[in-house]
1. Starting from residues that are among the charged types (D, E, K, R) and surrounded by fewer than 20 Cβ atoms within 10 Å (Cβ to Cβ), keep the ones in segment 91-112 and report whichever is farthest from Leu21 (Cα to Cα).
2. If you take the residues in segment 113-153 that are of a type in the set (Val, Ile, Thr) and at pLDDT 95 or above, which one is surrounded by the fewest Cβ atoms within 10 Å (Cβ to Cβ)?
3. Output the residues belonging to segment 30-57 that are surrounded by 13 or more Cβ atoms within 10 Å (Cβ to Cβ) and among the small types (Gly, Ala, Ser).
4. Where in segment 91-194 are there strands (runs of 3 or more DSSP E), lying fully within it, with 2 or more residues that are free of Cβ contacts under 8 Å to residues at least 24 places away in the same chain and in the same structural domain as Ile50 (by TED's automatic domain parsing)?
5. How many residues does segment 117-141 hold that are among the small types (Gly, Ala, Ser) and under 18 Å from Ser71 (Cβ atoms)?
Amino acid sequence: MLTIESNAQPALLALNASENLYEVIDGVIEEKPTMGALQLFIANFLHLKIGSIALNQQLGHGLMEVLFDLSPHVKRKRRPDMAFVSASRWPMNKPVPDTDGLKCIPNLAVEIICASNTWEEIREKTREYFRAGVERVWVVSAKQREVHIYDSPTDVRILSDDGELTDALLPGFSLPISELFAMVEITTDEAVEQ
């Protein structure tokens, strides 16, 4: 993990030039590990599904890996793997600044578990998101073939292959969990168990 003090402007420019993703944690820039191919496929799949509903119904914006400034509630800038921002928080026709991120709180933050994540790290991010004003957090685990839906830091529902992902934030959105994980390769050990 690359850590750079946020007041070190040349270091920030070098980090941006290298096209590495980063978050800002308590004033310190930390490089965010890239997702693996499977996680990127899942994030893109969710982005396409959520983005099309959001755009077609003028609900808001489906965004991938955008840096959100969570201040003043949390002194951090976080980059969820995927997010939904309602039109009430960022109007459909509002210009987007050419900056490193948005000074806006998403309604929905989606984190997709990859090898570099720990569950404790994800739980901490979830708590931060809710302190900042995020309404819902989805944590997607391809390995477990589950989606954990947080309505608060302590109120969670877990959906597996026979479940269907819906959300009041996205009227009309419905996605069978089995469809979300259709691209997940079943290993030999998992095949034996089934």
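1. We begin by selecting, within segment 91-112, every residue among the charged types (D, E, K, R); these are 94, 98, 100, 103, 111.
Those left that are additionally surrounded by fewer than 20 Cβ atoms within 10 Å (Cβ to Cβ): 94, 98, 100, 103.
On the way: Lys94: 25, Asp98: 16, Asp100: 10, Lys103: 17 Å.
Applying the filter and picking the extreme gives Lys94.
2. From segment 113-153, those of a type in the set (Val, Ile, Thr) are 113, 118, 122, 126, 134, 137, 139-140, 147, 149; that's our starting set.
From what is left, the residues that are at pLDDT 95 or above are 126, 134, 137, 139-140, 147, 149.
Working: Thr126: 22, Val134: 24, Val137: 26, Val139: 23, Val140: 24, Val147: 23, Ile149: 19.
Here the answer is Ile149.
3. Matches in segment 30-57: Gly36, Ala43, Gly51, Ala54.
4. Ranges flagged: 146-150, 156-159, 164-166, 174-176.
5. The first filter runs over segment 117-141 and keeps only residues among the small types (Gly, Ala, Ser), leaving 132-133, 141.
Okay, now just the ones that are also under 18 Å from Ser71 (Cβ atoms), so 132-133.
Residues that pass the stated criteria total 2.
The values are calculated or read from the model by the stated rules, or taken from the named source; none is laboratory data. The model shown is predicted, which means the values in this text are computed figures rather than measured ones. Cβ atoms come from the backbone with ideal geometry, glycine included; neighbour counts cover every protein chain shown.
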